[in-house]
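Derivation of every value follows stated rules applied to the coordinates shown; laboratory data play no part. Keep in mind that what you see is a predicted model, and the values were worked out from it rather than measured. In this analysis, Cβ positions are derived from the backbone assuming ideal geometry, glycine residues included, and neighbour counts consider all displayed protein chains.
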């Protein structure tokens, strides 16, 4: 584990108030907050969106299978806790390839191995993920699945084609499944360049880029948006309270939503 180079997962952990981060991550976050002052609120908004989306899918759509791509460090409530609060039989697979995420995730799930798993996987390799023994153990191919891509697609560079990834995953899911998508986006081209260059430099290249709203809209092509006519700033997706975090400034946002496959 490299503790001298900032990790996207650990930076996110720090921004939402976690403790699984190092000095290098906190220093990087301080610089990111200088560039984009609303980043801490943005991270909290994103986490709240993830919780609402999972609860909605379990309670309103009857989804009992979840694959969390790029799950990050465990933060309560986690996806399986939210889903199993609605339906104790719900099954969740967490995917990540960060060593710290994998270690903490497996420790967290020691008492819940029957319905959850943490898998070491590169989210870009869809065929390998669906062939994994733990994924096959928990995810039934004849039942709807929720595939979560929450605040992770900006880590995928253009040459790895995140739009094709969304099409590939959607093509592997049974009819009635859902994609949950949120990606860092901005209408400010200069800020997109500055943050992208900073994050690529800071994380040793483990980063894609901040994208425009039109580029994020492309993820939703041929999908049916749920509870919203189009992707939105995610605090606006089915808000459950007026007290939820709000960004003081709008230099960038988490932009996305929930969409039905087939």
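Among 167-174, 37-44, how do they line up from the highest to the lowest mean number of other beta-carbon atoms within 10 Å?
Packing proxy ranking, top to bottom: 37-44, 167-174.
Take the Cα of residue 111, step 7 Å along the line toward its Cβ, and report every residue of the stretch 60-96 whose backbone nitrogen sits under 19 Å from that point.
Only 74-92 pass the distance filter.
Bin all alpha-carbon pair distances of the stretch 212-262 at 5 Å intervals from 0 and give each bin's fraction as a whole percent.
Computed distribution, short to long bins: 4, 19, 27, 23, 15, 9, 3, 0.
Could you state the orientation-averaged shadow area of the convex hull built on the Cα atoms of the stretch 160-226, in nm² to one decimal?
Value for the stretch 160-226: 5.2 nm².
Among 149, 49, 22, which comes first, then next, by fewest other beta-carbon atoms within 10 Å?
Neighbour counts put them in this order, fewest first: 22, 149, 49.
Of the peptides 68-74, 212-218, how do they stack up when ordered by the mean number of other Cβ atoms within 10 Å, highest first?
Ranked from most to least packed, the peptides come out as 68-74, 212-218.
Can you work out the base-10 log of I(q)/I(0) for the stretch 1-129 at q = 0.14, 0.23 1/Å, using the Debye formula on its C-alpha atoms alone?
At q = 0.14, 0.23 Å⁻¹ the computed log10 ratios are -0.66, -1.38.
Over what distance in Å are the Cα centres of the stretch 74-142 and the stretch 206-254 separated?
Answer, in whole Å: 24.
From the helices alone, meaning DSSP H stretches of at least four residues, give me the mean residue ellipticity at 222 nm for the chain, per-run term -39500 (n - 2.57), in deg cm²/dmol to the nearest 500.
-11500 deg cm²/dmol
I'm a student and want to see the number: the projected area of the Cα convex hull of the stretch 8-261, averaged over all directions, in nm².
Hull-based average projected area comes out at 12.4 nm².
For Cα pairs less than 8 Å apart in space and 6+ apart in sequence, what is the mean separation divided by the residue count of the chain, i.e. the relative contact order in percent?
21 percent
For the stretch 41-116, what does the alpha-carbon gyration tensor say about shape, rounded, prolate or oblate, given a ≥ b ≥ c as the root eigenvalues, a/c under 1.5 as rounded, and a/b over b/c as prolate?
oblate
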